[in-house]
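Reviewing the structure listed below.
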Ligand code: GLC
């Protein structure tokens, strides 16, 4: 008898939980009292006042005194911008001076989709319900419940693990965590914002409070998120949108977007703890140029300072900073210097003396200045909750700027404090009793302020740029941050290790940060701690070339981690990917324009782009870089083949022009030196000839590589401006749309405020399968469009042998933008508006 071996199982979310944390975060045990809110009934809502933002706050419930608190608690709820609702719970005035929310001018009264508010303070938004309020002096708890289906939860910024946050408790508490093994949480950045996807509906929840928070994401009840906030007030913003993209737009509408960086910031940065003395810096810069490696920045870690005193120079190692920086500038390098918040306790040191005399450092409750310890030994911490302190700190940057420093790297700003210990302060940060004086004049404890400390520091630096380098956009990277960090700084993911596991976790970590509003993100390429192997370095480098912020950095005790330190093959690979990065600069820069104008992340998980495709819900190691490129980096050792799942549509192998139909699994060859990379059918990629740095004058035109979709159509765009400065905000930019349709190329200026630095356009239409050596696969052609490969193409035969591929003794580098094309499918035109015909080699498609 014929047996049916299939076993049908019901959907079980637990099966999808692959986390194996060894140390689970748990909120401390507390006894909570249920919070009851009086409801005044429909139509009785009163306007309780206008928030600092100018938005009216509606009080849904009369103030009520809880037994265990002397103060009244109230809850209010307001409609915000379209699709955004705020629920405020708290004791009267929220300390608005540290609000990270930029309120949009539009205001919409929140009217009942809160059907249930008459009976209980439950806020219902579609299939989501907020309720089960609990209070314990010093902590509030509430639950976000999904009434129907098991939600998918993404976001929460910089976290270890998969993109889907379900099945774990996450802590929001900025921490200097040097060894982020999978179980470790929290890390340096806290962004209490998450996407909740229920079937095809998308919501966002942002819990705005910089005190410690715990997010229990469906650990015990698969339909519930329980959130604890260690404070007496909180603002919850609920957002709804048709897609994750729309939810993110609403969130960045509240907290701000990543501004367009100067173009040099998107070039390659070389760093080490530390290049010192100055001769070493010159040597490193010289190696780059000698080896013809494109690069824009050398970063100075703490050893440029005099005994780690912030805003000083080591007179012996760096006796003449201006001439060093001038020389570097002559060879095309900008300098980014590290700045830490800890000010050395030294009565001879002017920054310490000045801060002390003005009362700018954080104090203990009895008013004495708190002394912790960081790199310089005993140190005090500026109180960045006050404008006067921020202004002072911003002004101190003059010392760096006047010598020619171009950008700042804010580190240790959780703030780290080495005086912690495993019992008393295992998070090695300053004690919670410290006071933040705040701009309102009401001092609060650090327990309430902690996650915003770095925000104050980053604001101060930004103000320093505006005041002392007003003609520049300012380039700032930070280690620590809170929601809204993107307005002032990009984020790098701190002290990782030269482990494959950390390369692997960097992918979802950067993606999670990106969809939490922070577009300018990157990891320490090669790993910060420990020695990278040649193979790991090569793989990490290929990946980082396709991340928004591209920097190599390593600790003081590792082997050299520069591109040339691992032998000739790695040098060739790194040069290849640097050249590729630089040639794609027009595309990358345009993606950053979209970040500023629309809050669109540069790096995106696939579910974000195709939320309806269930297969993408758990894809953690592939992503979109800009609108058209899909990268699937190899993150495991000794791997020569990579499995990829391609979403719907047509996909072109970037290196070989092989076409794949989407919604399919593929095994692609990925020898060392080859990053699996695909171009979305329907795209037009603008690129240029690579330069040694972004300051080199361009020669030659712009290239447009056209990758038609099944209907023989494609579109792309190009943004260009002065690449530094603020002219673009006054319309001094050009935005050019490119449209290809069945052999016709249209060039249309959407904005014409800047003369593009290229005068010609070299257009190439890809046909899919043209030109490469080797046999073709079985293919089909639909409706005159490109040809689609239905099988694993034979030119990536599994039997393919390269001599010693893993030991990097022989590396064959793939050619970008696919292979040479025939004379057809090419066209040179001026970069002015107009429509042009292009002869596309249809035969090349059909002969396959
Ligand atoms: C911290 C930073 C690291 C830096 C080091 C010395 O560990 O995360 O990047 O190199 O301090 O300044």
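The values are calculated or read from the model by the stated rules, or taken from the named source; none is laboratory data. These numbers were taken from a predicted model, which means no experiment stands behind them. Virtual Cβ from ideal backbone geometry, glycine too; neighbours counted across all protein chains shown.
A few notes on this one:
- Criterion (over 10 Å from the mean Cα position of the chain (by Cα), over 24 Å from residue 535 (Cβ atoms), away from the ligand (no atom under 16 Å from the Cβ) and surrounded by fewer than 22 Cβ atoms within 10 Å (Cβ to Cβ)) met by exactly one of 471, 501: 471
- Of all the criteria given as (1) under 25 Å from residue 612 (Cβ atoms); (2) surrounded by fewer than 24 Cβ atoms within 10 Å (Cβ to Cβ), the one not satisfied by residue 178 is (1).
- Look at (1) over 18 Å from residue 761 (Cβ atoms); (2) assigned to a loop (DSSP other than H, G, I, E, B) and you find that residue 689 fails only one, number (1).
- Test result for residue 697, within 30 Å of residue 330 (Cα to Cα), part of a loop (DSSP other than H, G, I, E, B) and under 23 Å from the mean Cα position of the chain (by Cα): no
- Complete set of residues in the range 628-657 that are in contact with a helix residue (DSSP H, G or I) (Cβ under 7 Å, 6 or more places away or on another chain) and either in a loop (DSSP other than H, G, I, E, B) or farther than 27 Å from residue 509 by Cβ (or both): 633, 634, 635, 636, 637, 647, 656
- Scanning the range 225-240 finds no residues that are within 16 Å of the ligand (Cβ to nearest atom), outside any helix (DSSP H, G or I) and touching a residue at least 40 places away in the same chain (Cβ under 8 Å).
- Of the residues 367, 404, 441, 394, the single one that is within 29 Å of the chain's Cα centre (by Cα) and not in a helix (DSSP H, G or I) is 404.
- Among residues of the range 511-526 being within 18 Å of the chain's Cα centre (by Cα) and within 13 Å of the ligand (Cβ to nearest atom), the one that is surrounded by the fewest Cβ atoms within 10 Å (Cβ to Cβ) is 522.
- When residue 293 is tested against (1) on the phi > 0 side of the Ramachandran plot; (2) touching a helix residue (DSSP H, G or I) at 6+ places or on another chain (Cβ under 6 Å), just one condition goes unmet, and that condition is (1).
- Residue in the range 243-252 that is within 16 Å of the ligand (Cβ to nearest atom) and surrounded by fewer than 21 Cβ atoms within 10 Å (Cβ to Cβ) present: no
- Assessment of the range 528-550 against the conditions (in a helix (DSSP H, G or I), without any contact (Cβ under 8 Å) to a residue 24 or more places away in the chain and away from the ligand (no atom under 14 Å from the Cβ)) yields at least one matching residue.
- Figure legend. Inter-residue proximity from the range 411-422: first residues more than 15 Å from the ligand (Cβ to nearest atom), second residues not in a loop (DSSP other than H, G, I, E, B), beta-carbon distance below 6 Å, spacing 6+ or different chains. Indicated pairs: 419/372; 419/373.
- For the range 486-498, taking the residues that are more than 15 Å from residue 552 (Cα to Cα) and within 16 Å of the ligand (Cβ to nearest atom), the one that is farthest from the chain's Cα centre (by Cα) is identified as 489.
- Taking every residue in the range 296-324 that is farther than 23 Å from residue 394 by Cβ and modelled with pLDDT of 95 or more and pairing it with any residue that is more than 15 Å from the ligand (Cβ to nearest atom) and part of a loop (DSSP other than H, G, I, E, B), at least 6 positions away or on another chain, the pairs with Cβ-Cβ distances below 6 Å are 296/267; 296/693; 296/694; 298/333; 317/277.
- Among the residues listed as 757, 786, 708, 793, the single one being closer than 30 Å to residue 666 by Cβ and either surrounded by fewer than 22 Cβ atoms within 10 Å (Cβ to Cβ) or modelled with pLDDT of 90 or more (or both): 708
- Elements of the type helices (runs of 4 or more DSSP H) sitting completely within the range 256-364 and holding at least 2 residues that are within 16 Å of the ligand (Cβ to nearest atom): these cover 278-290.
- The range 170-182 residues that are farther than 13 Å from residue 503 by Cα and modelled with pLDDT of 90 or more, paired with ones that are part of a strand (DSSP E or B) and within 12 Å of the ligand (Cβ to nearest atom) (beta carbon under 8 Å, 6 or more apart): 176/416
- Test: residue 593 is touching a residue at least 60 places away in the same chain (Cβ under 8 Å) and either buried (at least 23 other Cβ atoms within 10 Å of the Cβ) or within 25 Å of residue 537 (Cα to Cα) (or both): no
- Residue within the range 404-416 that is surrounded by fewer than 19 Cβ atoms within 10 Å (Cβ to Cβ) and at pLDDT 95 or above present: yes
- Conditions (1) within 15 Å of the chain's Cα centre (by Cα); (2) part of a helix (DSSP H, G or I); (3) more than 16 Å from the ligand (Cβ to nearest atom); (4) crowded, with 24+ Cβ neighbours inside 10 Å: number failed by residue 508: (4)
- Search result, residues across the range 181-196 that are away from the ligand (no atom under 16 Å from the Cβ) and either surrounded by fewer than 22 Cβ atoms within 10 Å (Cβ to Cβ) or in a loop (DSSP other than H, G, I, E, B) (or both): 181, 182, 183, 185, 191, 192
- Of all the criteria given as (1) farther than 23 Å from residue 303 by Cβ; (2) crowded, with 23+ Cβ neighbours inside 10 Å; (3) in contact with a helix residue (DSSP H, G or I) (Cβ under 7 Å, 6 or more places away or on another chain), the one not satisfied by residue 563 is (1).
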